[in-house]
Structures are given as C-alpha cells and as structure tokens.
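The values are calculated or read from the model by the stated rules, or taken from the named source; none is laboratory data. No experiment lies behind these values; they were computed from the predicted model shown. FYI the Cβ positions are ideal-geometry reconstructions off the backbone, even for glycines, and counts take in every protein chain you see. Remember, those area values only see protein heavy atoms, side chains included, never the ligands or the DNA or RNA. Shrake-Rupley method; radii C 1.70, N 1.55, O 1.52, S 1.80 Å.
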Amino acid sequence: MGFGKLLEEKMKEKGVKQAELAAAVGLPKTTLSSMILRDNTKIEIEKFLDICEYLDCNPEEFYSEFKRTHAVKMPPLFARKYDRLDEFGKDMVNTVLEKEYIRCTAISAAQESVLKIRHSFYKVSAGTGFELGNGDQWETISIPDTPEAHKADFALTIKGDSMEPVYFNEDIVLVREQQAIDLGEIGIFIINGTGYIKKYGGDRLISLNAEYEDIVFSEFDDIRCVGKVIGRI
C-alpha cells in the first residue's frame, strides 16, 4: 500500500481533509501532500506522533507499512544471527532498533539548517485586514534554510482558496518587500486596509481560482503593493 496511501486511507476513515490535518499538527499543506502523493516519509517524529494522535491510529501500523515497503537487505552475518534468535530475542532487537531510529531521526531533524524570519499574525487572501508596520503584529518563526528564504523579508499565511491550485489555504508564503511588481507576478497587496495575495493584472488583482472574480481597481481605492511572493515554506 505504501506509507502515503495508508495515511490517505486513515484520513478518509476519519473524514479529515488535508488542510484540516495540516493545520491541526502545524505542518504546511504542501508537506502533507508530498507525504501522500510522493510517499515522502521525511518528517519530525513529534509531527508524526501528532498525526497519529489526531487520526486516533496506532503509530506501529505506519511503521510496519514503512518497513514493508522500504525493506532493507540485512548484512549476511547479521541476518544469520537474527534468524537464530527466538521471538523474545527478535523483539528485543526490534525494540532497540526502533528506539535508536527515533532518537537518530530526532537528532537529524534538530540539526537541519533553519533561518529565523518575521511572520505576520494576520492572514491574507480572504478579506482579513493587516498592517505590516506594527511590531506587535509579528512573531518570529523558524523556516528551512533555502535560497528563497535568504531573499525573503517576511512570511505570511494564506487564508482561503482563491489562489488554488498554486497556493492553498494555510500555506505560508515568503515575501520580498517591494512597492511594485511586474504584470502577471504574484504579490501581496493592501486595498482599503484589507490584505490580499493575488496576481497583478495592471488595473486589477486576479485570483488563480476561476471561481473568484477579479478585484478591479476604482479611483477611490487606497491601493498599496507590499511585496512580491517569491516562495513557499
């Protein structure tokens, strides 16, 4: 079945959507989608356990599936010794192996290079207003150390589905501060005090989701470009 398919199956059993699970355990939706679609099982052990708790399922079931689909051939000498053990002995070896795997995975996750960046408490895209200049509206978060992250000045969380299928609800985007962007680029805009992530269309802001109408500028609007979206966490 594979790790990702098993996760998808458990979500369907509980009636849980990807966006709901990602928000509940503090993961970007793109990370969760990667786990399901590409069977990517690289995840911090704490997040993995949070997923199992939220879905009310046994972590051992996922681990057993991972072992089945990612079987590693044992060195001949180790395999011969392991085969000579009784059930108690094999259980002891498996217990130690599991504990060491969890320990080393946690150490590896902790050692991954990260950057600190400003992140707004307020969300963009679905009509939530925000002001970027007020210091008490920001928090500092850790993000993966990537080329895009080095170019970003701050991060924002998206609320709503108007920019699907490229940007999803609860995605965290990286933004470079600038007062204008080119036609067709994705930016962060404030119109009459309301924050949006949209594609710039010259005289309007365009949603990528065809179900949403363009936001056409009027002569009475107070319009500001805050920055260009250059990536996603």
**Study point:** Matching residues in the range 143-167 - criterion: being buried (at least 16 other Cβ atoms within 10 Å of the Cβ) and either without any contact (Cβ under 8 Å) to a residue 40 or more places away in the chain or under 12 Å from Lys116 (Cβ atoms) (or both)
**Key:** Ile143, Ala149, Ala152, Phe154, Ala155, Thr157, Ile158, Lys159, Gly160
Review point. Where residues in the range 168-218 are farther than 26 Å from Lys29 by Cβ, hydrophobic (A, V, I, L, M, F, W, C) and outside any strand (DSSP E or B), which of them is most open to solvent (accessible area, probe 1.4 Å)?
Key: Leu183
Practice item. Give the residues of the range 23-55 that are open to solvent by 60 Å² or more (accessible area, probe 1.4 Å), among the aliphatic types (A, V, I, L, M) and modelled with pLDDT under 75, sorted by residue number. Key: Leu37
Check your understanding: So which pairs qualify, if the first residue must be in the range 6-22 and under 17 Å from Phe62 (Cβ atoms) and open to solvent by less than 50 Å² (accessible area, probe 1.4 Å), the second must be assigned to a helix (DSSP H, G or I) and of a type in the set (Asp, Glu), the Cβ gap must be under 6 Å, and the two must be at least 6 apart or on different chains?
Key -> Leu6/Glu65
